[in-house]
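Below you'll find the structure, written out as structure tokens, and then a few comments.
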Amino acid sequence: MKPRSHSLALFLCSLFLVAASAASTNGLYKDTQQLLSFKALVKNPDSLQNWVSGSSPCSFTGVTCNNSRVSGIDLHGAILNLDFVAVATNLLTIPYLETLSLKSSNLTGTVTPAARSSCSPVLSYLDLSGNGISGPVSDLDSFAACRSLKSLNLSLNSMDFTINDSKGLKLSLETLDLSYNRIVGSNVVPWLLSNGCEGLRHLSLKGNKAGGAVGPLMDCKSLKHLDLSTNNFSSGFPSFGDCSYLQYLDLSSNKFRGDVTVALSTCKQLSLLNLTHNLFSGAIPVLPSGGIHFLYLSGNLFQGVMPPHLADLCTSLVELDLSSNNLSGSVPASFGACSSLEFLDISNNNFSGELPIDTLFQLSSLKTLVLAFNNFVGGLPESLSKLSNLETFDVSSNDISGLIPWGLCQSPGSSLRFLYLQNNVLTGPIPDTLGNCSELVTLDLSFNFLNGIIPKSLGSLSKLRDLILWLNELGGEIPQELMYIQTLENLILDFNDLTGSIPASLSNCTNLNWISLSNNLLTGEIPASIGGLNNLAILKLGNNSLSGSIPAELGDCRSLIWLDLNTNFLNGSIPPGLFKQSGNIAVALLTGKTYVYIKNDGSKQCHGAGNLLEFGGIRQERLDRISTRHPCNFTRVYRGITQPTFNHNGSMIFLDMSYNSLEGSIPKELGSMYYLQILNLGHNDLAGPIPQELGGLKNVAILDLSYNKFNGSIPQSLNSLTLLSEVDLSNNNLSGMIPESAPLDTFPDYRFLNNSGLCGYPLPRCGQDPNASSNGQHQRSHRRQASLAGSVAMGLLFSLFCVFGLIIIAVETRKRRKKKEAALEAYMDGNSHSGPANSAWKLTSAREALSINLSTFEKPLRKLTFADLLQATNGFHDNSLIGSGGFGDVYRAQLKDGSVVAIKKLIHSFRCSTKGDVYSYGVVLLELLTGRQPTDSADFGDNNLVGWVKQHAKLKISDIFDPELLKEDASLEIELLQHLKVACACLDDRPWLRPTMIQVMAMFKEIQAGSGNDSSSTIAGDDGSFSAVEGVEMSIKEDAELGKQC
């Protein structure tokens, strides 16, 4: 019996193995069919090419197997272009699938199809990040069928927080990543955790707009990683209770406040703590010692000295950032024990005294030391070279004096890569020995008092990218040896005393993208070889003594967007070839650089349109130092970061050739520069007609053709320049009628003066004797203050009625609706007798006390006279001027009670245009709705506010509103949209379609009464009757429709 039993056992075992093998083969076949069904839905022929019938799925790209079944799929980066339903139907249902990664694979749709499909019972990891998946976060419950799911990544998608289910998320996860979605709301975290978080280890909501309170995290005892950064949380510090497992905590870029010390007292394993950019105040908190490697506390309100207990973290601390607080004193000597510290940033504080060199020398591992924007004094010691591992040394914007150490890189194998010494009071020569800093990438010595020459030895710095030496007292010639720095990208040498010619050999530095040599004593011709610099984006050669013609080869600079040649001795004609790169520029090089743009204030001694300056690491309040070299009004300073906005279709955005001796006509090719924002050809000897082709400059904001010999009429094509905020065609030989439409009808007369044959608004009517005009207009044309009785008083009743009426509207919009209704109603009723807006305005006596109702923020209405305004603005003196544009000047006015307000003086002439004033009113309304000045916002560069709003109208128009207006009550958006409708009507490019001011006031009254939501509004006509006005529809359907109208 035993042999027979043994044989039977073998037979049964073999039978089982055969059956198992058959089942496995059959299962793998089913897996294959599901994968091939999925591939059949993919339209991209380049995706999943080896997913073919007849091959084992275990050999398919991205597929892994375990025990002859598909267990993992990783298709990250594949271009699938599918709705998520294809994933839910064909992949989630693979029975032994454990992990699925579809990161950045162009998936769209919602995740709800997962609820309608079966899910692998062993699926534990799902990565759907970097796609276009949308829908509310509550849709995540669709994955409830995936009962083993522990890790879910939906970061970088478009999910929102439209929660209809108050019961909270039902999934029990260990890892949940919802960072960089569109999650907005005040109960996001409580909702996510409302069903418990005992097993949760990793939670990230970074980069959303979640707000409110985080809520207690007492039950999240297993939490290791929490990232709530870059949201709108505004509560106290989260309460953790037992956080003994927490290792990573990032709450940066929120509005958290409160006691950090108590909340983190039990977080003994904390390795990274990032509280950057919050509202924490008081002394730097006491933190658990022994394990923190990375501590970031910058951008808060911490004050006092660096406490000794920070040194208790030295045993583990690798990076410490205390920048942008209110800290003072110096670095404690006890910090010398931080032997592992590699990164120390205490910039933008109030530290003072001499540099703590002795303490710093003990930080043997230090690689980055940033002490910028403090009040350190004294000199730089020769022994600084002892910090042999130091890669970045930044003491910019302090009061460091003396010489630059000659032995800075004397140690062999120096690691120094970034040296920032700008904006100090350093003197003496630039050491030749800096040529030994072989690893140097950036050398910034600008804004000092250095003298001597630029050392030839710098030509040996084979890795140098930035050579920034502007605003010193350097002389001599630009070294020819710079040609050997093949890596050089930025050569900034403005505001020195450099002589000689521009080295033609700079063309060997083929990576150059910013050359600034303005405000020196350079002579000779512009080298044609510069045209070979394909990466060159900015070329500034203004305010020198350069001569000869402009090389047509500059048109070969395929990246050139900024060309400033003003105030030289250039002659000849403007070469048409200069513009042959228009429409082909792809600027990706000039990004992320800090700059200031000093706009010309119009004074005779301030030449050119403006000056672009590299401004990294420099205090703006010290900009006055430039005044000795650049006599311009510094109230007009723009600051920002370079951000190109076009790709492969760009053109120049700035072209200034003013104050030269250029002759001939304007090449018609100039009109092809679609993105040009500033064009200044003034003060030359150019002649001929203004080309019709200039109508192609659709983005131009400033156009100056003054002081030339242009003849003929002003082209009608200039009417299409709707973004124009400043124009000057004065002092030419132009004739004919000025085009009667926006934007040209919004500018004052002095912009057209001294053209003997020119007529039409704002100049005298065609056919009228120009000598019959009153002296007041002539005086105003020269911008004399004595013209107040003419230019201001004439339009004062109208313009100030408009402006201050608008101020009332803006003030009350910022308040709750109940407060606003009564004040606005009283104002509207009180001014309803003002008469038709097209009445003829008469010159009022300077003695008349014109009374104006004025409302300032949080204060009651007050009545001011014209004399009060004159006193508050010092007679509208230039010293009170804080802004200007084609729509009028804005003055700072200090009233008798000490309060400060802004007064906008609209532009008028003797023959006051009501349509033009309505246009100006619309601009002021945009100012109050957006919180921005007409031309002074870094967001739209040197473009104007009207153009910026029009550009946004193509996207999401509600994004233009000042966030402060919506802070307390988001429901005000519909009312703001109604006010924006009014502004757009006032800004209609067709003057005859603009409403009158009586009609505008009636619109506001209807908005106030709630009738603005009707499909069509009736508003008062000039005869007192009510009728619909063409082109002004008060209905608010959606943002897109408003965009079309605006």
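The values are calculated or read from the model by the stated rules, or taken from the named source; none is laboratory data. Treat the numbers as computed from the prediction; the structure is a model and nothing was measured. Positions of Cβ are generated from backbone atoms using ideal geometry, with glycine treated the same way; all protein chains shown enter the neighbour counts. Ligands, DNA and RNA are stripped out before the accessible areas are found, and what is left, the full protein with its side chains, is counted by its heavy atoms. Shrake-Rupley method; radii C 1.70, N 1.55, O 1.52, S 1.80 Å.
So the values come out like this:
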quantity: Residue-wise HN-Hα coupling along region 363-374, computed from phi with Karplus coefficients 6.51, -1.76, 1.60 (Hz; x: Gly, Pro); calculated: 7, 5, 9, 5, 10, 10, 10, 10, 10, 5, 6, 10
quantity: Ranking by accessible area, most exposed first, for 973, 1006, 621 with a 1.4 Å probe; calculated: 621, 973, 1006
quantity: Isotropic mean projected area of the C-alpha convex hull, region 512-559 (nm²); calculated: 3.0 nm²
quantity: Potential lengthening between residue 698 and residue 766 on full extension [0.36 nm per residue; Cα-Cα distance subtracted]; calculated: 21.6 nm
quantity: Heavy-atom accessible area order for 76, 293, largest first, 1.4 Å probe; calculated: 76, 293
quantity: Phi to ³J(HN,Hα) by Karplus 6.51 cos²θ - 1.76 cosθ + 1.60 over region 432-437, Hz, x for Gly, Pro; calculated: 4, 5, 5, x, 7, 7
quantity: With all protein chains modelled, accessible area of residue 380 [1.4 Å, Å²]; calculated: 20 Å²
quantity: DSSP beta bridge pairing in region 41-157, given as percent antiparallel to the nearest 5; calculated: 25 percent
quantity: Cα centre as origin, Lys/Arg/Asp/Glu Cβ charges: region 562-639 dipole, Debye; calculated: 100 debye
quantity: Ranked order, 932, 990 - accessible area, probe 1.4 Å, largest first; calculated: 990, 932
quantity: Accessible surface of region 443-589, 1.4 Å probe, proportion on carbon and sulfur as whole %; calculated: 51 percent
quantity: Share of carbon and sulfur in the accessible heavy-atom surface of region 681-732 [1.4 Å probe, %]; calculated: 50 percent
quantity: Listed pairs 580/698; 463/593; 206/255; 540/604; 103/206; 456/599 exceeding 24 Å between Cα atoms; calculated: 456/599
quantity: Nearest-0.05 FRET efficiency for residue 293 and residue 33, computed from C-beta distance (R0 51 Å); calculated: 0.55
quantity: Heavy atoms of residue 83 accessible to a 1.4 Å probe, total area in Å² rounded to 10; calculated: 70 Å²
quantity: Residue 224 - accessible surface, heavy atoms, 1.4 Å probe, Å² rounded to 10; calculated: 80 Å²
quantity: Debye intensity ratio I(q)/I(0), log10, region 299-377, q values 0.11, 0.25 Å⁻¹ (C-alpha model); calculated: -0.24, -1.35
quantity: Residue 760 long-range amide H proximity, modeled H, under 5 Å; calculated: 738, 765, 766
quantity: Long-range HN-HN contacts of residue 378 with modeled amide H, under 5 Å; calculated: 401
quantity: Global geometry of region 477-628, whether rounded, prolate or oblate, following the gyration tensor of its Cα atoms and the 1.5 cut on a/c; calculated: rounded
quantity: Hz values of 3J(HN,Hα) by residue in region 684-692 - Karplus curve (6.51, -1.76, 1.60), Gly and Pro given as x; calculated: 10, 10, 5, 9, x, x, 6, x, 4
quantity: Positive-end extreme of charge dipole, region 232-358 - chosen from 248, 323, 353 (charges on Cβ); calculated: 248
quantity: Cβ-defined net charge surrounding residue 240, 15 Å radius [Lys, Arg +1; Asp, Glu -1]; calculated: -2
quantity: Residues with amide H under 5 Å from that of residue 573, placed H, sequence gap 5 or more; calculated: 663
quantity: Simple Cβ-charge dipole of region 392-527, Lys/Arg +1 and Asp/Glu -1, about Cα centre, in debye nearest 20; calculated: 300 debye
quantity: √(5λ) per eigenvalue of the Cα gyration tensor, region 71-175, largest first, Å; calculated: 19, 17, 12
